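For reference, the structure is listed below as structure tokens.
We did not get these values from a lab; they are worked out from the coordinates using the rules stated. Bear in mind the structure is a predicted one, so any value in this text is a computation, not a measurement. Because the Cβ atoms are built from the backbone with ideal geometry, glycine has one as well, and the counts that use them run over all protein chains shown.
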Amino acid sequence: MYGADRLTKAQIRKNGVLVEVELEEALDLVASKMTETIKEYGKDSVSMYGSGQWAIVDGYAASKFMKGGIGTNNLEANARLCMASAVVGFLTTFGLDEPNGCYDDLDQGNTFILWGNNMAEMHPVLYSRILENKRKNPEVKIIDLTTRYTRTSQFADKVIYFNPQSDLAIANGILKIIFENNWQDNVFIENHVMFKEGLTNLGYGTEEGFKFKDKPKTVSREKFIEKLKEYTPEYVEKLSGVSKKDLIYLAGLYGNPKKDIVSLWCMGVNQHTRGTWMNNLIHNIHLAVGKVSKPGNHSFSLTGQPSACGTVREVGTLTHKLPHGVVMNPKHRELAAKIWNVPVEKIDPKPTYHTVDMFRALDNGDIRFMWIQCTNPMVTMPKLNRYLTGAKKEGRFVVVSDIYPTPTTDIADVILPAAMWVEREGLFGNSERRTQQHEQLISPPGDAISDMDQIIRVARKMGMGHLFDFEDKTMVKDLYEEYRQFHKGHGHDMAPYSVLQKEAGVIWLYINGKSVNWRYNEKYDPTCKPGSGFDFYGNKKSEHRAHMWIRPYEAAPEIPDSEYPFWLCTGRVIEHWHSGSMTRRIPDLHRAVPHSYCEMNPKDAKRLGVLDSDNVRLTTRRGTIVLKAYIDRRARPIEGQVFVPFFDENLLINELTLDAYCPLSKQPDYKKCAVKIEKA
């Protein structure tokens with residue numbers, strides 16, 4: 001909290017140099033620059049890029065300000081880079097976002113299949129719950145389906161390696177075996193499932209102006225099963241490296257009625273050019289065997305940021321979203337206009353730019369003003385050189401709200417000092433749908449104020465004070481209670497603020513004074529139609545049935561070849577969180593992992609004459625970087641793959657990554673591009 005370089009004063013760039021100024025002067029400049037840019041270039045020339053680390057009320061204030069005040073949909077958040085595929089997966093399968101179960105499933109399941117998820121380092125508290133479950137119950141099994149041997153693998157009962165991108169084939173192969181062996185739950189499928197097919201050969205979003213619109217259609221069960229025919233164990237093994245024996249083993253676990261199965265995934269599935277498809281496929285497997293919405297049975301997407309769910313997914317800080325529904329839907333716009341007390345015409349019915357396109361628009365000049373809060377895109381954006389150069393072009397104005405200097409504040413025209421979560425009142429929403437309220441515990445240093453306060457003060461200076469016509473001392477409560485109106489009666493009822501103040505978090509749905517831990521199951525969820533057993537009420541137009549999707553294997557956009565013969569995968573380490581802007585300032589954590597590195601398989605290293613701690617040069621079609629090789633330290637990639645963490649701002653691995661994304665979710669793929677490795 002109190003690093004020597006904590007930002008406590010506002011700064012404005014004058015004659016190319018950042019100088020400290022009074023906060024009011026900086027806020028005045030932000031307001032005047034936004035107003036001036038809108039007047040000269042139109043409302044869609046200004047943008048805001050936020051965070052899954054925003055408090056719920058920060059995201060809600062941003063949504064109201066940008067969409068209800070300015071009237072632009074140029075609002076995105078970094079959760080687009082981590083959770084968008086999970087969102088679209090839940091929506092297309094179940095009709096509503098967010099998982100069906102809760103963290104209790106980690107205590108109640110007896111089989112845990114991790115799809116490319118190093119849970120021991122990325123979700124250590126949750127993984128410890130599974131390990132405690134296993135300690136108490138020897139029947140509990142952990143299956144690590146992975147491209148790297150990690151600390152998660154050390155605790156697993158079985159480790160199954162697969163080639164990058166081939167998870168699509170593995171999931172289809174599992175489904176084929178389930179139906180061939182009649183392990184499916186025919187009653188559940190007959191009563192609660194509908195089969196769907198969408199477009200294929202979607203493209204990858206790498207070209208300028210890429211557009212995609214799916215055309216889903218209902219198909220028969222017979223066609224669904226027909227499409228699985230090619231995924232024989234032999235074909236899947238050829239693509240994935242997973243043996244026939246292991247594929248049958250996986251399918252047998254899912255198909256065994258005595259197994260309570262939880263599938264868990266995070267970035268490995270979501271940061272994927274077919275990330276939505278992979279989410280659908282994992283849901284497909286659970287639907288096929290009727291293992292959803294029951295204690296210990298769950299296809300569970302884990303979330304990487306503290307409020308990527310509560311702030312981004314629920315509040316709707318994405319270009320197409322509103323706090324309830326989407327901007328394209330007239331009824332959703334009418335609801336927002338009514339609650340916000342603005343003309344419905346003010347809310348633009350067309351989405352503008354998702355995150356990758358937003359930074360492309362900043363580069364090409366369609367966006368002239370960007371306000372970045374609580375995130376560090378000049379470290380985290382893929383194909384970083386393009387977007388770093390674009391943000392620094394003449395005629396661009398960048399405002400950054402943060403607590404420490406970062407490579408993103410380095411390119412800012414205005415820096416606003418922000419309060420940390422303990423220095424302000426707020427709320428977060430986690431990946432089990434639990435909303436948690438916290439009080440301000442201490443005062444922020446210097447002139448730092450919350451991101452919410454910054455937005456509201458700028459809105460008032462721009463003549464939009466009517467949007468935030470509440471007392472400052474009750475602003476958090478009042479904004480939350482206003483936001484709660486969006487969800488009443490829409491399968492997303494939330495607990496009142498007074499309840500959140502008394503309890504250590506409350507899961508929504510919150511109905512009749514009680515949380516609903518398992519949605520869509522009549523036994524636990526009063527929203528379900530009486531007598532239905534299971535009611536997937538999010539899919540109102542599909543007879544309240546869940547959707548099982550035909551989702552084939554398609555190759556990655558960039559595959560290793562003779563010139564770039566390795567796969568490059570990026571990710572996190574337990575010591576450093578995301579871009580390291582806080583954790584690298586903690587001496588113990590910095591000493592533990594002071595710099596980034598390149599994990600190599602020992603066989604690849606031997607072939608290249610590389611020893612542990614040798615320098616290696618990584619080169620892709622976008623850039624080059626030199627770092628130390630680590631061999632058999634904490635993890636071991638499969639042959640032909642290297643892994644590099646992205647926390648180190650001095651070794652920007654995202655200068656090498658590719659900005660390809662899933663056409664459905666618009667989430668980039670940080671896990672797969674082609675790279676050349678040389679001893680340096």
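So the values come out like this:
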read-out: Pairs from 213/671; 67/529; 215/245; 294/473; 245/603 whose Cα-Cα separation, in the structure shown, is over 32 Å; value: 67/529; 215/245; 294/473
read-out: Separation of the residue 442 and residue 466 label points, Cα + 7 Å toward Cβ, nm; value: 4.2
read-out: DSSP-defined beta bridges in region 566-657 - what % are antiparallel, rounded to 5; value: 40
read-out: Full-extension gain in nm, residue 17 to residue 256, via 0.36 nm per residue minus C-alpha separation; value: 79.5 nm
read-out: Dipole of region 13-140 [Lys/Arg +1, Asp/Glu -1 at C-beta], most positive-end residue of 92, 60, 23; value: 92
read-out: Highest-first arrangement of 214-220, 7-13, where packing means the average Cβ count within 10 Å; value: 7-13, 214-220
read-out: Segment residue 218-residue 608, length gained on full extension (0.36 nm per residue, minus Cα span); value: 135.3 nm
read-out: Stretch gain in nm, segment residue 503-residue 238, where the contour uses 0.36 nm per residue and the Cα spacing is subtracted; value: 90.2 nm
read-out: Those aspartates and glutamates that a straight Cα-Cα span of less than 17 Å connects to residue 338, excepting residues fewer than 8 apart in one chain; value: 348, 469, 478, 481, 482
read-out: Listed peptides 187-193, 75-81, 509-515 by packing density, highest first (mean Cβ within 10 Å); value: 75-81, 187-193, 509-515
read-out: Point-charge dipole on Cβ atoms (K/R +1, D/E -1) for region 566-657, about Cα centre, debye to 20; value: 100
read-out: Global geometry of the chain, whether rounded, prolate or oblate, following the gyration tensor of its Cα atoms and the 1.5 cut on a/c; value: oblate
read-out: Inter-label distance for residue 346 and residue 511, nm, one decimal - labels placed 7 Å from Cα along Cα-to-Cβ; value: 3.3
read-out: Relative contact order (%) - criterion: Cα under 8 Å, at least six apart; region: region 566-657; value: 40
read-out: Entries of 392/461; 39/350; 9/346 with Cα pairs more than 24 Å apart; value: 392/461; 9/346
read-out: Size of charge dipole - the chain - debye, nearest 20, with Cβ of Lys, Arg +1 and Asp, Glu -1, no other charges; value: 1280
read-out: Share antiparallel - DSSP beta bridges, region 1-101, percent rounded to 5; value: 60
read-out: Highest to lowest packing among 108-114, 198-204, 410-416, scored as the average C-beta count within 10 Å; value: 108-114, 410-416, 198-204
read-out: Distance in nm between pseudo-label sites at residue 529 and residue 615 (7 Å out along the Cβ direction from Cα); value: 6.8
read-out: Beta bridges per DSSP with both ends in the chain, % antiparallel, nearest 5; value: 45
read-out: Under 12 Å from the Cα of residue 211 - aspartates and glutamates, other chains or at least 8 residues apart; value: 357
read-out: Theoretical FRET efficiency, 1/(1+(r/R0)^6), r = Cβ-Cβ of residue 125 and residue 248, R0 30 Å, to 0.05; value: 0.35
read-out: Those trypsin sites (Lys or Arg not before Pro) in region 578-649 that DSSP places in a loop and that have at most 12 other beta carbons within 10 Å; value: 633
read-out: Distance violations [Cα-Cα > 29 Å] among 321/540; 229/258; 227/541; 33/488; 291/331; 158/679; value: 33/488; 291/331; 158/679
